[in-house]
Amino acid sequence: MSDHLSDRIKNMSTSATLAMAAKARELRNEGKDIIGLSLGEPDFNIPDFIKESAKQAIDDNYSSYTPVDGYAELKTAIATKFKRDNALDYKPSQIVVSTGAKQSLFNVAMVVLNPGDEVILPAPYWVSYSDIVKLAEAVPVEVPTSIKTDFKMTPEQLEAAITPKTKMIWFSSPCNPSGSVYGQEELEGLAEVLKKHPNIYVVSDEIYEHINFAGGHVSIAAIDGMYDRTVTVNGVSKAFAMTGWRIGYIGAPEWIAKGCTKLQGQVTSGANAIAQRAVITALEAPVSKIQFMIDEFHKRRDLVLELLGNVNGFKLNVPEGAFYVFPDVSELFGKTLQGFTINNASDLALYLLEKANVATVTGEAFGNPNCIRISYAASEAELREAIARISKVLS
Ligand code: PMP
Ligand code: GLU
């Protein structure tokens, strides 16, 4: 019967991050002592003040269908947040609340892309970009970067990748999986190239905005000439540890926001009522309320860099944000360890899972086959133990 599946689904990859997390869960259920560093999911509890507002929302009977584009109060809170943190003026009519930033990205793809349009993805890119673009029957065009440029795309690379079919560029900063952060000048350099190509739109995925150890997040939409051609994507999964609550949002040109609302109205309707009420509270709070999580990630980043620095065959950049390290492990390719030949990053991820009981994700899923992604959204004890195990099986 699986032959009867649509070509769309047959041709789609399974999300590698979710697949690895499921595999780790399965092995754990079989009794194996797996340390999961595959999923980008904060290990903190949601701050109490946010939980309290969700409980209040239940008691206040927020139980009906919500407006398709989000509660007016939430859109006002998002507009205020964009102004406060990003120097961006979005009217409520430019904001759409969705069931996670993943749905926001999907909406934008469906609303802006036609079959055959090209979308530039500086690689490594977040795992789902490429499949979402393909679902819109558009063509992902990968622009490979390497550890030498801190995994960032240069203006020259962008210029060289543009063709008459280029419709969009999608990128995240801080970047999942490399942790790289684009600064003001780097974004200005990209914007300068885009000035010559007025029909290209940008998706700026800023979901890791607050998890930035260098300080000073810059939104490309705030750069001269970019506002009318940028969709700023954000959400509460990462900074507020609210992954399961499924709220993401965009600030965008009005025509894109309207398209997303129209699409969402036929697919999911408005996002979850209780979660939206809680997110109003989350976004209205000062960033200082979540600083403890950011500080903890910073400490863990330093610890992981220090410990992984001694691991055989791992080359590291210094990620300035998010909660991943993305070591280049190509030095290990061609080696046989404990009877296991490692020809690529996927082999290594499998080897680490089987021999060290540590779940990571192959860089191939992010468009860089020389690397693996390790999430440090785990406790210090788990990180120490995991890296000791990795080190042992690679020595
Ligand atoms: N963009 C990036 C870069 C991410 O890492 C994630 C993680 N899931 C998402 C978007 C989607 O987030 P959400 O949980 O809001 O769907
Ligand atoms: N964004 C997270 C990650 O990259 C969560 C998993 C997912 O949504 O794919 O691991």
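The values are calculated or read from the model by the stated rules, or taken from the named source; none is laboratory data. What you see is a predicted model; the values in this text were computed from it and never measured. Methodologically, a virtual Cβ is constructed for each residue, glycine included, from the backbone with ideal geometry; neighbour enumeration extends over all protein chains shown. With ligands, DNA and RNA removed, areas are computed over all heavy atoms of the protein, side chains included. Shrake-Rupley method; radii C 1.70, N 1.55, O 1.52, S 1.80 Å.
Excluding S146 itself, what net charge comes from residues whose Cβ is under 11 Å from its Cβ, given Lys and Arg +1 and Asp and Glu -1? Intermediate results must be reported in sequence, preceding the final value.
Values: positive: K148, K152, K315; negative: D150, D328.
With Lys, Arg at +1 and Asp, Glu at -1, the neighbours total +1.
If only Cα atoms are counted, what is the Rg of the chain, and what is its Dmax, in Å?
Considering the chain through its Cα atoms, Rg and Dmax are 20.8, 61 Å.
Between region 275-328 and region 357-374, how far is it from one alpha carbon centroid to the other, in angstrom?
Result: 18 Å between the Cα centres.
Using the Cβ atoms and a cut-off under 13 Å, what net charge is assigned to the surroundings of A57, where Lys and Arg are +1 and Asp and Glu are -1?
Numbers: positive: K51, K55, R277; negative: E52, D59, D60, E73.
Within the 13 Å Cβ shell, the charges total -1.
Output needed: percent of Cα pairs per 10 Å distance bin for region 175-215, bins running from 0 to the one holding the longest distance.
Pairs per bin, as whole percents: 23, 49, 25, 3.
Using the Cα centre of region 102-256 as the reference point, and only Cβ charges (+1 on K/R, -1 on D/E), how large is the resulting charge dipole? Debye, rounded to the nearest 20. Could the numbers behind the result be given before it?
Numbers: 11 positive and 18 negative charges, 79 e Å.
Magnitude of the dipole: close to 380 debye.
Which whole-number percentage describes the relative contact order of the chain, with Cα contacts under 8 Å and a sequence gap of 6 or more? All intermediate terms of the calculation are to be shown ahead of the outcome.
Numbers: 767 pairs, mean separation 89.8, N = 395.
The normalised contact order for the chain reaches 23 percent.
Provide, in order from the shortest bin, the percent of all Cα-Cα pairs of region 249-395 in each 10 Å bin, continuing until the bin that contains the maximum pair distance.
Over region 249-395, the share of Cα pairs per 10 Å bin runs 10, 30, 22, 20, 15, 2 percent.
Listed here are the pairs K91/K258; K51/K75; K195/K258; which of them are more than 18 Å apart at the Cα? Provide the component values of the computation, followed by the final result.
Working: K91/K258 12 Å; K51/K75 20 Å; K195/K258 25 Å.
Cα-Cα > 18 Å for K51/K75; K195/K258; rest within.
Connecting C-alpha atoms closer than 10 Å in a GNM of the chain, tell me which of E296, E30, E137 has the biggest fluctuation.
Maximum fluctuation in the GNM of the chain, among the listed residues, is at E30.
What figure, in Å² to the nearest 10, do you get for the accessible area of R277 with a 1.4 Å probe and non-protein molecules left out?
40
Please list the three semi-axes, largest first and in whole Å, of the ellipsoid equivalent to region 235-323, using sqrt of 5 times the eigenvalues of its alpha carbon gyration tensor. Could the numbers behind the result be given before it?
On the way: eigenvalues 248, 63, 28 Å².
That gives 35, 18, 12 Å for the three semi-axes.
Using the crude model of +1 on Lys and Arg Cβ and -1 on Asp and Glu Cβ, and no other charge, please compute the dipole size for region 154-225 relative to its Cα centre, in debye to 20.
Details: 4 positive and 10 negative charges, 71 e Å.
With only Lys, Arg, Asp and Glu charged at Cβ, the dipole is about 340 debye.
Considering only the other residues whose Cβ falls under 11 Å of the Cβ of G321, what net charge follows from Lys and Arg at +1 and Asp and Glu at -1? Spell out each step's value before the answer.
Numbers: positive: K238, R301; negative: E206, E209, E320.
Value of the local net charge: -1.
Evaluate the relative contact order of region 199-331 (contact order divided by residue number), counting alpha-carbon pairs under 8 angstrom at least 6 apart; express in whole percent. The partial results should precede the final answer.
Working: 148 pairs, mean separation 30.5, N = 133.
Taking the mean separation of contacting Cα pairs over the length of region 199-331, I get 23 percent.
To the nearest 20 Debye, how big is the dipole of region 83-130 about its Cα centre, given +1 on the beta carbon of each Lys and Arg and -1 on that of each Asp and Glu? Display every interim value, and only then the final one.
Details: 4 positive and 4 negative charges, 52 e Å.
So the dipole magnitude of region 83-130 works out to roughly 240 debye.
Using the Kirkwood formula over every pair of different C-alpha atoms, what hydrodynamic radius in Å results for region 310-395? Let's see the in-between values first.
Values: mean 1/r = 0.0773 Å⁻¹.
By the Kirkwood definition, the hydrodynamic radius is 12.9 Å.
Taking a cut-off of 16 Å between Cα atoms, list the lysines near K10, but don't count ones fewer than 8 places away on the same chain.
K134
Going down the list K315/K392; K55/K289; K102/K238; K32/K335; K102/K165; K165/K196, which pairs span over 21 Å between their C-alpha atoms?
Over 21 Å apart, Cα to Cα: K32/K335; K102/K165.
Round to the nearest 0.05 the FRET efficiency obtained for K335 and Q184 when R0 = 56 Å and r is the Cβ-Cβ distance. It would help to have the intermediate numbers written out before the result.
Details: r = 42 Å, r/R0 = 0.75.
Step by step, r from the Cβ atoms, then E = 0.85.
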